[in-house]
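Remarks on the structure that follows.
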Amino acid sequence: MKDSTHLNPMKTVLLIDDDESFRSLLQDLLCAHGWNVLQAEDGESGLRIALDQRPDVVVCDLLMPQCNGFQFCRALHARRASLPNVKIVVSSGSGYAVDRINALESGADEYVTKPIHADELLRLLQRLTDESAAEAYAEAHVVPVDGMTQVRFWGVRGSIPSP
């Protein structure tokens, strides 16, 4: 019996990256784990595909010609009314905290650094698309204390935690 964390029937992911070989590798990995995969080579075409196909998750490179990952996140975030449940994962070779913070402030839900580990990416996509897991994750990280809300950050790198 296969592990259910690797099966995502009817889940769609949009890969936006100007590196065709990277997109191809991710497509092979995700298709092998039950994902429907769409591809775009830049943010502009990715935005059109996202609005037309309504994927569950978008994995978007940060640095691309024409429309970079920051611009894509802001453009998609501005259209959240028509795509309320789509999650955005920004991928980048940059591990700088400022890039991570700017991506999250631009509307990204997650930020991963390249090289991306296959198992970690699959778990992340599962968590983002599994509503019960997302709710449990959110509940585990917000704890009320004396009428105030305390937020606990796990896996923080550097000195500046960002949600």
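The values are calculated or read from the model by the stated rules, or taken from the named source; none is laboratory data. Quick caveat, the model's predicted, so the values are computed rather than measured. Neighbour counts are summed over all protein chains in view; Cβ atoms, including those assigned to glycine, are modelled from backbone coordinates with ideal geometry. Just the protein is used for accessible areas: all its heavy atoms, side chains included, with ligands, DNA and RNA removed. Shrake-Rupley method; radii C 1.70, N 1.55, O 1.52, S 1.80 Å.
Details
- Picking from residues in segment 94-114 that are touching a Leu at 6+ places or on another chain (Cβ under 8 Å) and farther than 21 Å from Thr129 by Cα, the one that is surrounded by the most Cβ atoms within 10 Å (Cβ to Cβ) is Asp99.
- Subset of segment 76-93 (residues that are open to solvent by 20 Å² or more (accessible area, probe 1.4 Å) and out of contact with any strand residue (DSSP E or B) (no Cβ under 6 Å at 6 or more places or on another chain)): His77, Ala78, Arg79, Arg80, Ala81, Ser82, Pro84, Asn85, Gly93
- Qualifying strands (runs of 3 or more DSSP E) (wholly inside segment 6-65; at least 3 residues being open to solvent by less than 20 Å² (accessible area, probe 1.4 Å)): 12-16, 57-61
- Close pairs from segment 78-104: first more than 17 Å from Pro115 (Cα to Cα), partner part of a loop (DSSP other than H, G, I, E, B), Cβ under 6 Å, at least 6 apart: Lys87/Asp109; Ile88/Ala108; Ile88/Asp109; Ile101/Ser162; Leu104/Ser162
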